[in-house]
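What follows is a short report on a single structure.
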Amino acid sequence: MSALFNKQGGILSVLKTNRESFTPKAKYLMLDFIAELVKKHHSKELSAVKKSAVHVLVALVEEKLLDSSALEAMIKRFMTSFIQNQSKLVSSVKCAILELFGASVRYYPDSFTIDKQDPEHIKRRLLTTMSTCINSSNPDMELLAGAVLGLGNYLYSFDITEAGLIFIKEHAEKFRLQICADRDAVLFIHGCLKNMSSHPNRDLHKLGYGCNDSILETGIDTTGA
């Protein structure tokens, strides 16, 4: 089975060299097979195969070889599987799936037509995973790496300044201990948010105030006093 997902001669190679020959139905059957493989079989022996299979999907997304409707259906299935089988999936497979989530938003930003909330669900899943890892006394670094890679792709199509402000506004509480432990970080954040609160751009101005409110609600003193 490992040969099936080999990057040089497996599914990905066949699709790249014959991209015009495959019907949408054929592509969907292939995606369906990989999704079922990841979902139903949880032996450690298959974990390397699963990881390779998901990385093939990531490559297909990056090459934009998938149809939008097939991609949307695939992401829904992987999200369900990820949530329902977290305790059964090994970190390397979960890491690959998180990469896939982020890549799907980056390379197919207009494909989520059935459920506009899908990208929002992906963002929450990535951030929740990061927060869990960061706050753990024994963090799963492989899983954290997958969440960071996924979030990096997710944020690719957004304005970085705005994305950062939204991140602070919505998730300040999750990083309270890390921020409070570093006085320089508090002073730096205070200076940035002060600038944003007086920014001529209306959206950034509003987000700056929103971030200040969120941080104050956590009990962090952004004045540095």
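Structural remarks
- Around the Cα centre of the range 48-172, unit charges on the Cβ atoms of Lys, Arg, Asp and Glu (plus for the first two, minus for the last two) sum to a dipole of about 420 debye.
- Applying a threshold of 26 Å to the alpha-carbon distances of LYS94/LYS123; LYS76/LYS206; LYS169/LYS194; LYS50/LYS123 flags LYS76/LYS206 as lying beyond it.
- Accessible area in square angstrom per residue, the range 45-139, 1.4 angstrom probe: 42
The values are calculated or read from the model by the stated rules, or taken from the named source; none is laboratory data. Worth saying up front: this structure is predicted, and the values here are computed from it rather than measured. Using ideal geometry, Cβ is built from the backbone for each residue, glycine included, and neighbour counts are taken over all protein chains shown. Just the protein is used for accessible areas: all its heavy atoms, side chains included, with ligands, DNA and RNA removed. Shrake-Rupley method; radii C 1.70, N 1.55, O 1.52, S 1.80 Å.
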